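The values are calculated or read from the model by the stated rules, or taken from the named source; none is laboratory data. Every value quoted in this text rests on a predicted model; they were computed, and no experiment measured them. Here Cβ is always computed from backbone atoms with ideal geometry, including for glycine, and neighbour counts include all displayed protein chains. The accessibility values were calculated without ligands, DNA or RNA, using every heavy atom of the protein model including side chains. Shrake-Rupley method; radii C 1.70, N 1.55, O 1.52, S 1.80 Å.
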Amino acid sequence: MSRESITYFGAGPAGLPTTVLETVAAALVNYKSLGLGIAEISHRSKDAEEILNSCKKDLRTYLGVPDEFEVLFMQGGGTGQFSATIYEFVSLWVERRRKAIAEKKKDEEEVQRELEKEVEELKIDYLVTGGWSLKASQEAARLVGDEHVNIVTDARKINGGKFGKIPEEEDWKISKNAAMVYYCDNETVDGVEFPTFPAILKNGGGEDEPLVVADMSSNILSRPIPFEQFSAVFFGAQKNLGCAGLTVVIIKRCLLAPTAGRADPKIMRKLGLPIGPIALSYDIVSKNNSLYNTLSITDVFLAGQVLKKALNTFGEERVGGQMKVSGEKAEKIYGVLDKRSERYSVVANKGARSRMNICFRILDDEGKVSEELEAKFVKDAAAEGLTGLKGHRSVGGIRASNYNSVSFEGATKLAEFLEQF
């Protein structure tokens with residue numbers, strides 16, 4: 001099949017605009033007539049710096065990132081950030097408490113003893129609404145111990161042991177003075193997305209209010225972000241921004257040096273708390289304009305081209321324009337799934353349905369899930385140029401990932417196939 005004849009619904013890496021790939025392909029061979037490909041130029045060169053700064057600028061413009069936030073380009077994916085956020089925000093939590101104690105007590109040993117008592121109350125909060133937030137909480141337990149991890153809510157408890165719903169906020173158990181409150185804005189495996197920012201987490205940005213961190217790997221660039229409510233957001237590039245290998249962190253500048261310090265590694269060791277690798281240090285990455293270690297400039301260039309195309313497509317609407325298109329595509333597909341409820345069963349509850357990852361099961365004539373029909377669906381759809389529809393290996397079923405690269409025409413074609421199957 002030709003590239004033009006298929007619509008790819010894979011969950012990630014996602015499809016990319018053909019024009020972007022053609023631009024990157026040419027740059028890989030000879031960038032700006034340098035005689036070198038973009039993968040060969042030094043990450044310290046002026047050309048690399050221009051690519052990096054241009055990409056940051058366009059990302060800020062497209063998402064409307066406020067000046068009080070820093071944009072960091074890193075590596076390690078969302079999974080790397082499961083660890084980085086713990087290293088960073090636990091260290092920040094410890095240092096804040098050490099300073100508060102040191103203002104009252106001058107003896108270092110006494111400060112250490114008081115700090116040890118404080119650490120006994122350390123909590124990191126996790127909203128577990130799908131496979132990725134579950135993995136994030138498990139990484140926290142691995143690094144700091146179960147006793148320091150608070151599961152604010154576990155969606156499986158209200159859905160027969162499976163993910164697919166977001167529990168009511170009135171039932172959430174949020175810790176007082178947690179080092180961080182984490183949630184995954186969109187769960188790719190289970191097709192669950194927070195429709196809006198959780199009201200219970202809204203704050204005025206005070207030092208004693210929760211530091212809210214969100215993983216937006218699979219719905220980034222698809223709707224506006226209320227940055228005023230977040231301390232940080234992070235995302236892998238491989239869904240809507242670019243290719244695997246680039247990870248972006250957008251963090252409040254007031255949480256970076258020199259405004260906010262991290263605890264001395266010697267103190268962290270005495271407290272039995274983990275010390276992160278220097279490549280995951282937000283301060284270090286920020287001070288070095290994301291170039292402390294060798295960053296893949298090719299990945300940044302590709303992401304930059306995706307952003308330029310998006311800005312050109314949506315103009316002044318920017319991400320708001322993409323939000324409209326994403327919603328229309330999702331409605332088209334969900335509309336058929338709901339209409340033919342005798343054949344299809346959507347995994348996620350209506351109030352928690354993802355616009356990006358549409359997960360469903362196929363039912364036989366007796367109303368039971370049929371893996372045989374699901375295999376036929378994937379095969380027949382592929383013959384029609386609708387590819388990448390097989391569900392995640394851990395849950396099965398069908399998953400249509402409605403990322404930004406999927407056109408409205410492609411979504412319509414899938415809806416028509418759903419009507420006929």
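If you check Glu169, Glu116 for being within 28 Å of Ala263 (Cβ to Cβ), open to solvent by 30 Å² or more (accessible area, probe 1.4 Å) and more than 19 Å from the chain's Cα centre (by Cα), only one passes: Glu116.
Among the residues making up segment 278-311, those that are touching a helix residue (DSSP H, G or I) at 6+ places or on another chain (Cβ under 8 Å) and assigned to a loop (DSSP other than H, G, I, E, B) are Ser281, Asn289, Ser290, Leu291, Tyr292, Asn293, Leu295. Of all residues in segment 39-54, those satisfying the criterion of being assigned to a loop (DSSP other than H, G, I, E, B) and open to solvent by 40 Å² or more (accessible area, probe 1.4 Å) are Ala39, Glu40, Ser42, Arg44.
Is there a residue being among the hydrophobic types (A, V, I, L, M, F, W, C), touching a Lys or Arg at 6+ places or on another chain (Cβ under 9 Å), buried (at least 17 other Cβ atoms within 10 Å of the Cβ) and under 20 Å from Arg262 (Cα atoms) anywhere in segment 157-164? No; the residues of segment 157-164 include none that is among the hydrophobic types (A, V, I, L, M, F, W, C), touching a Lys or Arg at 6+ places or on another chain (Cβ under 9 Å), buried (at least 17 other Cβ atoms within 10 Å of the Cβ) and under 20 Å from Arg262 (Cα atoms).
Restricting the first member to segment 255-266 and to residues that are within 20 Å of Phe230 (Cα to Cα), and the second to residues that are modelled with pLDDT of 95 or more and of a type in the set (S, T, N, Q), the beta-carbon pairs closer than 7 Å and six or more apart or on different chains are Leu255/Ser231; Leu256/Ser286; Arg262/Ser91. At least 3 residues being open to solvent by less than 30 Å² (accessible area, probe 1.4 Å) and in contact (Cβ under 8 Å) with a residue 40 or more places away in the chain is the threshold, and among the strands (runs of 3 or more DSSP E) wholly inside segment 335-421 those reaching it are 357-362, 398-401. Selection over segment 1-38 of residues that are in a loop (DSSP other than H, G, I, E, B), exposed (fewer than 12 other Cβ atoms within 10 Å of the Cβ) and not hydroxyl-bearing (Ser, Thr, Tyr) gives a count of 2. Inspect segment 227-241 for any residue being of a type in the set (Gly, Ala, Ser), out of contact with any strand residue (DSSP E or B) (no Cβ under 9 Å at 6 or more places or on another chain) and touching a residue at least 40 places away in the same chain (Cβ under 8 Å) and give the result as yes or no. No: zero hits.
Please enumerate the residues belonging to segment 129-147 that are more than 19 Å from Gly77 (Cα to Cα) and either open to solvent by less than 20 Å² (accessible area, probe 1.4 Å) or in a loop (DSSP other than H, G, I, E, B) (or both). Result: Thr129, Val144, Gly145.
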